Amino acid sequence: MTTIPARAKTAAPAAPLALLAELTHRCPLRCPYCSNPTELARVAQELDTATWARVFQEAAALGCLQVHLSGGEPTARRDIREIVRAASEAGLYTNLITSGVLTGETKLQALVEAGLDHVQLSVQDAEPGSADRIGGYRGGHARKLEFANRVHEAGLPLTLNAVVHRQNLDRLPQLIDLALELGAGRLEVAHVQYYGWALANRDALLPTRDQLEAATATVEAARRDLRGRLVIDYVVPDYYAKRPKACMGGWGRQFLAVSPAGRVLPCHAAESLPGFDFPNVREVSLREAWEHSEAFNRFRGTAWMPAPCQGCERAELDWGGCRCQAFALLGDAAATDPACVLSPHHAVLSLAVGAAAGAGEGFTYREPRKDPRHGGPMAEAS
Ligand code: SF4
Ligand code: FES
């Protein structure tokens, strides 16, 4: 593994656009592509309400405009109303990223009164049986539809988030119809990103090239036909790419995340990277973490980049791709993202596609729920 020396402190970076607040890793669902780390934080490690309130004030002072309240399932926290209120009082635009299965009418109304601005609801499929199986939660899809209707009635803007893969991609037209039926203003069609749980389930999730091409054509046609009615964001899969995506808009450039236990991270998956001492909001301010921590400065800019990226015309467009993917696939967070055709390791992606062809559809789910209020988990059926 290449060892990259820590960069000297740089001039203060521009303000981050948004804070991802991961309030908890607890969740009633068990999606096999969950972006949470495979080592989940325990309840006792979670930040308390007052600390989150301070973090929101610090984020606003740093220049953040919005906060994404996420998890796990953020509404699993008993103090979610106080947390929304604190974020709103800090002047942040509040977006709740939720599975929707724990929020009845009374709770939603309380969140609206606390200042909630926007809801992003995940769906696992358009077909209820398949959606419940993928999420590992029986009856979950029906609950999501009820929740979406409540959001609509409450007058909140709604984004539907559909993570797509081999086992649901053929129903993309129905997912688009579902977004329209539910009154969503935006649909995110996001191909699975393969780190953490998703990497463990890669063979069961990777789409075929034919599926990808059909999905891309579906999105392009829907964007034309639904202009003015539905905005469709489309995150394409790296495994068929020639160039990587600018993950998080570049390391430490636009986003920061705070984990349930208070670690300040350049992206939600960064805890998987070894050799980092991520700052903690219990010990340092968000500004100190953003501007001066070694962890945020290590892959900022272009000076750290390896050979194919140095001098490349795309260096300040994709910022060398995704550090977490480079580590997950190559064991080296400082390597060029293998999604790039110029990477000497680009072939690992086509090898993975080959291995997934003909693989079974069974999942390794994230840990079963412990909280009996959340109902019983579904057994894997296949
Ligand atoms: Fe991006 Fe590096 Fe590939 Fe150039 S060589 S396209 S900067 S990943
Ligand atoms: Fe961490 Fe891409 S997910 S840098």
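Structure values in brief
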{"quantity": "Qualifying residue in the range 107-126 (condition: surrounded by fewer than 16 Cβ atoms within 10 Å (Cβ to Cβ) and closer than 23 Å to V235 by Cα)", "calculated": "no"}
{"quantity": "Count of the range 282-308 residues which are without any contact (Cβ under 8 Å) to a residue 40 or more places away in the chain and of a type in the set (S, T, N, Q)", "calculated": "2"}
{"quantity": "Test: residue in the range 308-320 that is within 14 Å of ligand 1 (Cβ to nearest atom), basic (K, R) and in a helix (DSSP H, G or I)", "calculated": "no"}
{"quantity": "Pairs where the first residue, in the range 340-357, is over 16 Å from L199 (Cβ atoms) and in contact (Cβ under 8 Å) with a residue 24 or more places away in the chain and the second is away from ligand 2 (no atom under 16 Å from the Cβ) and open to solvent by less than 60 Å² (accessible area, probe 1.4 Å), C-beta under 6 Å, 6+ apart", "calculated": "L342/P308"}
{"quantity": "The range 269-287 - residue that is within 16 Å of ligand 2 (Cβ to nearest atom) and in a loop (DSSP other than H, G, I, E, B) and, of those, surrounded by the fewest Cβ atoms within 10 Å (Cβ to Cβ)", "calculated": "P274"}
{"quantity": "The lone exception for Q174 - which of (1) under 25 Å from F363 (Cα atoms); (2) buried (at least 16 other Cβ atoms within 10 Å of the Cβ); (3) without any contact (Cβ under 8 Å) to a residue 60 or more places away in the chain it fails", "calculated": "(2)"}
{"quantity": "Pairs where the first residue, in the range 203-222, is over 22 Å from L187 (Cβ atoms) and the second is open to solvent by 60 Å² or more (accessible area, probe 1.4 Å) and β-branched (V, I, T), C-beta under 9 Å, 6+ apart", "calculated": "A204/T364"}
{"quantity": "Any hit, the range 207-230, residues being part of a loop (DSSP other than H, G, I, E, B) and touching a Lys or Arg at 6+ places or on another chain (Cβ under 6 Å)", "calculated": "yes"}
{"quantity": "Residue under evaluation A198, criteria (1) assigned to a helix (DSSP H, G or I); (2) within 20 Å of C247 (Cα to Cα); (3) open to solvent by 40 Å² or more (accessible area, probe 1.4 Å), criterion not met", "calculated": "(3)"}
{"quantity": "Some residue of the range 304-315 being out of contact with any helix residue (DSSP H, G or I) (no Cβ under 8 Å at 6 or more places or on another chain), at negative phi, of a type in the set (A, V, I, L, M, F, W, C) and modelled with pLDDT under 95", "calculated": "yes"}
{"quantity": "Single match in C322, C340 (criterion: modelled with pLDDT of 95 or more and closer than 30 Å to T75 by Cα)", "calculated": "C322"}
{"quantity": "Within the range 307-333, tally of residues that are open to solvent by less than 30 Å² (accessible area, probe 1.4 Å) and away from ligand 2 (no atom under 12 Å from the Cβ)", "calculated": "4"}
{"quantity": "Pairs where the first residue, in the range 324-337, is free of Cβ contacts under 8 Å to residues at least 60 places away in the same chain and under 16 Å from Q310 (Cα atoms) and the second is away from ligand 1 (no atom under 14 Å from the Cβ) and open to solvent by 40 Å² or more (accessible area, probe 1.4 Å), C-beta under 7 Å, 6+ apart", "calculated": "none"}
{"quantity": "Among residues of the range 223-246, those that are farther than 19 Å from Q120 by Cβ and either buried (at least 18 other Cβ atoms within 10 Å of the Cβ) or in contact with a helix residue (DSSP H, G or I) (Cβ under 7 Å, 6 or more places away or on another chain) (or both), counted", "calculated": "8"}
{"quantity": "Residue check, R166 in a helix (DSSP H, G or I) and either of a type in the set (V, I, T) or modelled with pLDDT of 95 or more (or both)", "calculated": "no"}
{"quantity": "Pairs, first modelled with pLDDT under 95 in the range 263-281, second basic (K, R) and more than 16 Å from ligand 1 (Cβ to nearest atom), C-beta under 7 Å, six or more apart", "calculated": "E271/R263"}
{"quantity": "Failed criterion for A204 (all others in (1) within 16 Å of ligand 2 (Cβ to nearest atom); (2) open to solvent by less than 10 Å² (accessible area, probe 1.4 Å) hold)", "calculated": "(1)"}
{"quantity": "Every pair of residues 6+ apart whose Cβ atoms lie under 6 Å, when the first sits in the range 14-31 and is over 14 Å from L102 (Cβ atoms) and open to solvent by 30 Å² or more (accessible area, probe 1.4 Å) while the second is in a strand (DSSP E or B) and of a type outside the set (A, V, I, L, M, F, W, C)", "calculated": "L20/H68; L20/S70"}
{"quantity": "Selection count where residues are in a loop (DSSP other than H, G, I, E, B) and within 18 Å of the chain's Cα centre (by Cα), scope the range 86-140", "calculated": "4"}
{"quantity": "The listed residue being open to solvent by less than 40 Å² (accessible area, probe 1.4 Å), aromatic (F, W, Y), away from ligand 2 (no atom under 12 Å from the Cβ) and not in a helix (DSSP H, G or I), out of W304, W251, W290", "calculated": "W304"}
{"quantity": "Selection count where residues are without any contact (Cβ under 8 Å) to a residue 60 or more places away in the chain and within 18 Å of H68 (Cα to Cα), scope the range 32-53", "calculated": "5"}
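The values are calculated or read from the model by the stated rules, or taken from the named source; none is laboratory data. For clarity, every value in this text was computed on a predicted model and none was experimentally measured. Using ideal geometry, Cβ is built from the backbone for each residue, glycine included, and neighbour counts are taken over all protein chains shown. The protein model used for the area step is the full one, side chains on, heavy atoms only, and it has no ligands, DNA or RNA in it. Shrake-Rupley method; radii C 1.70, N 1.55, O 1.52, S 1.80 Å.
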